[in-house]
Amino acid sequence: MTESYAHKGGGDSMRKPDENSIDMDSVYQEYASLVYRFLYSYTHDAQWSEELMQETFLRAVTSIHRYDGSCKLSVWLCQIARHILYQELRKKKRMETVELTEYIPDQKARDGECDVLQQEDRKELYQAIHHLAEPEREVVLYRMTGDLSFREIGEIMGKSENWCRTVFYRAKQKLKAYLSDMI
């Protein structure tokens with residue numbers, strides 16, 4: 001996906017955009033799904049994710065003057081979403097584990113043993129992911145649900161690209177070991 005700043009006049013440069021030239025309706029249309037998936041990967045609650053996404057875009061509108069163009073707009077929005085999520089979790093003093101069946105997207109019932117096996121494999125994978133430590137789980141979920149690069153994940157988490165690659169590699173090794181123990 002190519003990323004633009006949804007300028008009213010167009011353009012893809014990484015320079016600081018003029019806040020008056022950003023069309024927030026277009027930004028919302030382009031990035032709402034990404035921000036929602038990002039939040040849902042943590043909350044496992046569709047309604048709460050929707051509320052947090054709305055809050056994210058509200059804060060983006062009121063803070064657009066602070067966007068300096070040093071990272072992609074999607075990264076900036078995910079940083080805002082992450083901050084809001086952690087604020088809400090602190091307020092509610094909860095980090096509850098939700099049944100994984102709520103996390104796995106519903107699919108239309110289809111015939112065939114392969115579909116059932118794929119669903120079971122996916123469920124086992126998500127169970128394994130939730131056994132990872134926080135930074136590993138976060139990096140893996142960013143890669144899987146947000147389709148973000150290691151550089152973008154690093155920007156969101158305030159870490160280097162290499163740190164993200166290393167954490168992802170180690171998490172992948174742990175997932176392989178965990179899944180092979182389940183067999």
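For an R0 of 22 angstrom, estimate the FRET efficiency from the Cβ-Cβ distance between Tyr86 and Trp163 and round to the nearest 0.05. That gives a FRET efficiency of 0.70.
Around the amide H of Ile22, modelled in the peptide plane, lie the amide H atoms of Lys8, all under 5 Å away and 5 or more residues distant in sequence or on another chain. Whole-Hz Karplus ³J(HN,Hα) for the range 124-132, in order, using 6.51 cos²θ - 1.76 cosθ + 1.60 and θ = phi - 60°, x for Gly and Pro? Calculated HN-Hα couplings, in order: 5, 4, 5, 5, 5, 4, 6, 8, 6 Hz. Just grab the label-to-label distance for Arg122 and Ser180, each label 7 Å out from Cα along the Cβ direction, in nm (one decimal). Those two pseudo-labels are separated by 2.6 nm.
Each reported figure results from applying straightforward, stated rules to the coordinates on display, with no laboratory input. Fair warning: this is a prediction, and the values are worked out from it, not measured in the lab. Quick reminder, even Gly has a Cβ in these numbers, built from the backbone with ideal geometry, and neighbours come from all protein chains shown.
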